[in-house]
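Taken together, the values in this text are just the output of simple stated rules run on the coordinates, not laboratory data. This is a predicted model, so every value here is computed, not measured. When we count neighbours, we look across all protein chains shown, and the Cβ atoms used for this are built from the backbone with ideal geometry, even at glycine.
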Amino acid sequence: MVNSNNLIYGLHTCTSEIKTNPSFITRIFLIKNSANKSLLAILNLAKKHKIKVIKLDRDELSLKCKSSKHQGIALELNQHKSPPTLNFDSYLQSTSKPLILIIDNIQDPHNLGACIRTANASGVQFIIKRKSNSTSLTPAAYKVASGGTEGLTIIETNSIAQIIKKLQKFNIVVIATEDKAERNIFSNHSSENGYAVVVGSESTGIRPSIVEICDYSVNIPIYGSVNCLNMSVATGIALYALRENLKKSFD
């Protein structure tokens, strides 16, 4: 029986994985008798990379994925392998003005997937995610990320504080996001060496011990009647605001 934690599903997600990391795929599960051109293209890729294909009816595939939103395809990944990752220390030493996302707490895999997709789009190459009391990179997160894990390294660790201190040794400004912060994300944030932005879940936010060691906190101003923004939306706003600051500093 396949462990669902080793499955990813969805057309875009699976196509990206086959093209970039075919050696990490043990089996492909395809829906039977499909005339979908994208699925047929995946079948050709499977033959090219000599990946075993198993055809299932829709209900069987939904049961295997524990979701009906598989779009007719799922991949089983080799749990003993993982895609090549960047070395964090080498990255810090060689990258000019990086933008890094630190997720202190996240419960919803859909939010995690959306954060990954936005991080990729904004040019983030490293995500540091708290391992305990957080969702893992589930098939649902992969699907929502929609190929966003490509070219992006995700480190799961319970040593968030130590990583923040390491970033600060490289003079990277570490910014916490907090509703009660006095400064807002659109203020002038000067940095000669890049940024790391720390986000937390809507319900609990960032741990106070983590906020305390960040360089400072910022809020995202709310002009309407809602109390707060969805975590992934807030993350996107923060990343793009800081990306714009970095672009100005390069000009």
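A few comments on the model shown:
- Across Phe186, Phe170, Phe126, mean-square fluctuation computed from a Gaussian network of the chain (C-alpha pairs under 10 Å connected) peaks at Phe170.
- For Arg27, the residues 5 or more places off, or on other chains, whose built amide H falls under 5 Å of its own are Glu76.
- Net charge of neighbours whose Cβ lies under 13 Å from the Cβ of Ser132, counting Lys and Arg as +1 and Asp and Glu as -1: +2
- Computed over neighbours whose Cβ is under 15 Å from that of Ala141, the net charge equals +3, Lys and Arg +1, Asp and Glu -1.
- Cα gyration tensor, segment 52-186 - rounded (a/c under 1.5), prolate or oblate: prolate
- Among beta bridges that DSSP assigns inside the chain, antiparallel share in %, nearest 5: 25
- Distance from segment 165-191 to segment 6-36 (C-alpha centre basis), Å: 39
- Residues with amide H under 5 Å from that of Glu156, placed H, sequence gap 5 or more: Lys129
- Sequence-distant aspartates and glutamates (8 or more away, or on other chains) whose Cα lies within less than 18 Å of Lys169: Asp89, Glu192, Glu212, Asp215
- Likely footprinting exposure, Thr135, Thr26, Thr157, fewest C-beta neighbours within 10 Å first: Thr157, Thr26, Thr135
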